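The values are calculated or read from the model by the stated rules, or taken from the named source; none is laboratory data. Just so we're clear, the structure is a prediction, and the values are computed from it rather than from any experiment. We place every Cβ from the backbone using ideal geometry, glycine too, and count neighbours over all the protein chains shown.
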Amino acid sequence: LTFLGLESSCDDTAAAVVRHTPGSCPEILSSVVMGQSELHADFGGVVPEIAARAHAERLDLCVEQALKKAALTLREIDGIAVTAGPGLIGGVLSAVMCAKGLSIGTGLPMVGINHLAGHALTPTLTDDLEFPYLMLLVSGGHCQFLIVRGVDDFSRLGGTIDDAPGEAFDKTAKLLGLGQPGGPAVEACAMSGDAAQIPLPRPLLDRPDCDMSFSGLKTALLRARDLLVAKHGGLREVDRANLCAAFQQAVTDVLAEKSRRALKLYLSENPTHPAFAVAGGVAANKRVRALLETVSAEFDVRFTAPPLALCTDNAAMIAWAGLQRYRSGARDDMTLSARPRWPLDKTSPSMLGSGK
Ligand code: ATP
Ligand code: FE
């Protein structure tokens with residue numbers, strides 16, 4: 001089967017073609033991602049209206065490029081997968097409308113995909129993983145532990161009750177006068193810093209569950225920064241580096257400790273080939289990756305992280321999720337709607353922690 005995927009739920013317009021023959025590894029024939037950071041740079045965040053307009057303008061071109069790179073025409077595609085939520089509603093609508101148009105025009109089947117399912121299934125695109133595996137999805141907008149039991153079967157063990165770590169990295173960078181995106185900037189600055197110089201809290205570690213909180217860290221950091229500025233008449237380089245190191249260490253410690261709890265819950269199911277996978281932009285952080293790897297080793301569980309280009313928003317993950325759901329019988333028609341909120345876990349008591 002060969003699937004075309006479409007994604008436009010945040011600030012990346014993406015199209016990709018993925019092919020899979022049972023018994024072999026899936027192949028990404030093309031993956032085109034058009035970012036919009038330059039359009040939103042002046043506003044300090046993604047402006048939904050601007051994002052939606054840009055998606056609508058670029059989707060056709062994106063699809064054209066993805067097909068061209070895959071050296072295929074629409075006639076050689078078996079189906080279309082599209083992100084139908086969660087996300088900025090104007091953006092989600094752009095791709096859903098595009099997919100409907102393509103489906104009507106070609107008669108190809110269409111499958112709506114939950115963006116979070118796309119992220120959560122990504123490790124199976126590049127790695128030979130067995131269900132059930134444990135997933136930590138940690139990005140700019142999300143932070144949650146999931147047990148992935150199948151292409152359409154997820155249990156949420158817990159997640160952030162306020163900010164996502166990526167968002168906290170970005171806000172920290174802003175507070176310390178570093179550039180955006182904040183994650184890489186804070187990581188680079190932290191290299192020369194000493195985390196032990198700035199005591200920061202480790203929120204919610206006193207609670208036995210897998211829930212996390214990152215917004216208080218940012219407030220604690222702001223207070224520490226202001227004390228240092230008052231003491232030295234400005235923010236010294238050494239203090240900036242120490243603040244970055246302390247912040248990064250606090251986030252990493254919380255993720256590691258909550259991973260231990262999630263691993264215990266997951267291992268109580270007795271999976272035959274236990275694996276812990278991480279995805280999302282924050283998974284690019286070397287400190288985070290290293291500590292999660294150590295934690296996995298403590299539990300004798302295999303650790304895996306997809307390549308960075310597949311960790312952040314892309315359409316290959318949507319095409320792959322769509323292909324698999326199609327194979328298990330999923331089909332959508334013209335009643336497919338765009339959903340701003342869409343928890344992955346149907347038993348989820350609340351949508352808190354989806355981060356959006
Ligand atoms: P979502 O995928 O939840 O819709 P998003 O598209 O904003 O949100 P991603 O593209 O997965 O998220 O990741 C971007 C986030 O990852 C940003 O907040 C960025 O600061 C963070 N990030 C990127 N690299 C690093 C790093 N090296 N260390 C920490 N954070 C990082
Ligand atoms: Fe995403």
Contacts under 8 angstrom Cβ, first residue in the stretch 78-91 being within 15 Å of His119 (Cβ to Cβ), partner outside any strand (DSSP E or B) and of a type in the set (D, E, K, R), 6 or more apart: Ala81/Arg325; Ala84/Arg339; Gly85/Arg339; Gly85/Arg341; Pro86/Arg339; Pro86/Arg341; Pro86/Lys356; Gly87/Lys356
Some residue of the stretch 84-93 being more than 16 Å from ligand 2 (Cβ to nearest atom) and exposed (fewer than 15 other Cβ atoms within 10 Å of the Cβ): no
Helices (runs of 4 or more DSSP H) lying entirely in the stretch 255-356 (those with 3 or more residues that are surrounded by 13 or more Cβ atoms within 10 Å (Cβ to Cβ) and either among the polar types (S, T, N, Q) or free of Cβ contacts under 8 Å to residues at least 60 places away in the same chain (or both)): 286-298
Residue in the stretch 294-317 that is nearest to Val96 (Cα to Cα), counting only those that are within 16 Å of ligand 2 (Cβ to nearest atom) and among the hydrophobic types (A, V, I, L, M, F, W, C): Ala315
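Need a quick list: helices (runs of 4 or more DSSP H) entirely within the stretch 119-235 having at least 2 residues that are farther than 25 Å from Cys10 by Cβ, of a type outside the set (Lys, Arg) and within 16 Å of ligand 1 (Cβ to nearest atom).
Values: elements: 123-126, 165-175, 182-190, 215-232.
So the answer is 182-190.
Name the residue, out of Ala95, Ala14, Ala81, that is within 21 Å of Ala321 (Cβ to Cβ), in a helix (DSSP H, G or I) and touching a helix residue (DSSP H, G or I) at 6+ places or on another chain (Cβ under 9 Å). Can you show your working first?
On the way: Ala14 fails: in a helix (DSSP H, G or I); Ala81 fails: in a helix (DSSP H, G or I).
Ala95 is the lone residue from the list that is within 21 Å of Ala321 (Cβ to Cβ), in a helix (DSSP H, G or I) and touching a helix residue (DSSP H, G or I) at 6+ places or on another chain (Cβ under 9 Å).
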Selection count where residues are within 15 Å of Val18 (Cα to Cα), crowded, with 22+ Cβ neighbours inside 10 Å and either away from ligand 2 (no atom under 13 Å from the Cβ) or among the aliphatic types (A, V, I, L, M) (or both), scope the stretch 114-161: 4
Pair list, Cβ under 6 Å, 6 or more apart: the stretch 8-35 residue basic (Lys, Arg), other residue modelled with pLDDT of 95 or more and away from ligand 1 (no atom under 16 Å from the Cβ): Arg19/Thr2; Arg19/Glu27; Arg19/Leu29
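Could we say that Gln180 is under 20 Å from Gly44 (Cβ atoms) and of a type outside the set (A, V, I, L, M) here? Before you say what the answer is, go through the steps one by one.
Values: under 20 Å from Gly44 (Cβ atoms): yes; of a type outside the set (A, V, I, L, M): yes.
Judged against the criteria, Gln180 is a match.
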Residue satisfying all of: in the stretch 267-285; of a type in the set (A, V, I, L, M) and within 14 Å of Leu146 (Cα to Cα); nearest to the chain's Cα centre (by Cα) among these: Ala279
Some residue of the stretch 218-236 being within 20 Å of Leu137 (Cα to Cα) and more than 16 Å from ligand 2 (Cβ to nearest atom): no
Phe276 being among the aromatic types (Phe, Trp, Tyr) and in contact with a Pro (Cβ under 6 Å, 6 or more places away or on another chain): no
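Here is a check on your reading of the model: is Gly44 within 20 Å of Thr122 (Cβ to Cβ) and in contact (Cβ under 8 Å) with a residue 60 or more places away in the chain? It would help to see each step written out before you state the result.
On the way: within 20 Å of Thr122 (Cβ to Cβ): no; in contact (Cβ under 8 Å) with a residue 60 or more places away in the chain: yes.
Against the criterion (within 20 Å of Thr122 (Cβ to Cβ) and in contact (Cβ under 8 Å) with a residue 60 or more places away in the chain), Gly44 does not qualify.
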All positions within the stretch 1-55 that are more than 13 Å from ligand 1 (Cβ to nearest atom), among the charged types (D, E, K, R) and at pLDDT 90 or above: Arg19, Glu27, Arg53
Thr106 being closer than 20 Å to Glu293 by Cα, more than 16 Å from ligand 1 (Cβ to nearest atom) and not aromatic (Phe, Trp, Tyr): no
